[in-house]
1. Go through the stretch 1-77 and name the trypsin sites (Lys or Arg not before Pro) that are in a DSSP coil and have 10 or fewer other Cβ atoms within 10 Å of their Cβ.
2. Considering only Cα-Cα distances, which of the following residue pairs are longer than 21 Å: LYS9/LYS100; LYS65/LYS224; LYS86/LYS108; LYS62/LYS113; LYS65/LYS113?
3. How far apart, in nm, are two points set 7 Å out from the Cα along the Cα-to-Cβ line at ALA20 and at LYS108?
4. Spin-label point model (7 Å from Cα, Cβ direction): what's the ASP208 to HIS45 distance in nm?
5. Of the DSSP beta bridges with both residues in the chain, give the percent that are antiparallel, rounding to the nearest 5.
6. Taking the Cα centre of each part, how many Å lie between the stretch 28-56 and the stretch 142-191?
7. For a quick check of your reading of the filter: which trypsin sites (Lys or Arg not before Pro) in the stretch 152-231 sit in a DSSP loop and have no more than 13 other Cβ atoms within 10 Å?
8. Have a look at ASP101, ASP40, ASP82 and tell me which one the Gaussian network model of the chain (Cα, springs below 10 Å) gives the largest fluctuation.
Amino acid sequence: MPTTAVEAKIAPSMLSSDFANLASEAERMVSFGADWLHMDIMDGHFVPNLTIGAPVIASLRKHTKAYLDCHLMVTNPLDYVDQLGKAGASGFTFHVEVSKDNWQEVVKEIKLKGMRPGVALKPGTPIEDVYPLLEGENPVEMVLVMTVEPGFGGQKFIPDMMNKVRTLREKYPKLDIEVDGGLGPSTIDEAAAAGANCIVAGSSVFGDPEPARVISLLRTSVNKCLKPNFI
């Protein structure tokens, strides 16, 4: 398990950005205080939507040094590890629902390619399903708790998912816990109080006339809730 300090990480979801100006949108978010840039990679199979792949990550990497937090909503994550590693992805988060039989191989390959492994789970997936991936000899380093059904932006936050976050935080005090879906000024306090420290926010950041204000607000809420034993 990780031993480093738990810190607030605010990750604007680039799915909500202007894709025709992705490089400038990335630069804008970093200038506004973003820690990470969240990249949603969907295959049209695991989820119905189809978004971006390694070529877009490679193109964006030429224009930013930011941490590219890639969330793989795909049926076969192992197929994407090599290409995303070469493209310059920083984090590679795959879904537990499609990797229960080969997660150890997936994690090994992610690390070999110089990326940070994370695991995500859909709202209907029990939190217990990720425990083996945190307690094995080669564990993931982050858990992404989806607070909406994956596949589309702009959905409403599901408060019941905070029970999963609380359970994880109590069990793994030093773990990076990310939440994604419906996060913004009206929901961040609930997520932060439950123990989430990595916040993905799309519509609430890009749709606000003052994105920097929203990013700062999200960070302030998380920092208020980080307990001494987490840091």
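The values are calculated or read from the model by the stated rules, or taken from the named source; none is laboratory data. Because the structure is predicted, anything quoted here is derived from the model rather than measured. Cβ placement follows ideal geometry from the backbone for every residue including glycine, while neighbour counts extend to all protein chains displayed. Note: areas computed on protein heavy atoms with side chains; ligands, DNA, RNA excluded. Shrake-Rupley method; radii C 1.70, N 1.55, O 1.52, S 1.80 Å.
1. Details: sites: LYS9, ARG28, ARG61, LYS62, LYS65; in loops: LYS62, LYS65.
Within the stretch 1-77, the qualifying trypsin sites (Lys or Arg not before Pro) (loop, at most 10 other Cβ atoms within 10 Å) are LYS62, LYS65.
2. The answer is LYS9/LYS100; LYS65/LYS224.
3. Taking the simple label geometry, ALA20 and LYS108 are separated by 4.7 nm.
4. Spacing of the two 7 Å Cα→Cβ label points: 3.8 nm.
5. Values: 1 of 32 bridges.
The answer is about 5 percent antiparallel.
6. 18 Å
7. Values: sites: LYS156, LYS164, ARG166, ARG169, LYS171, LYS174, ARG213, ARG219, LYS224; in loops: LYS156, LYS174.
Hits after loop and neighbour filter: LYS156.
8. ASP101
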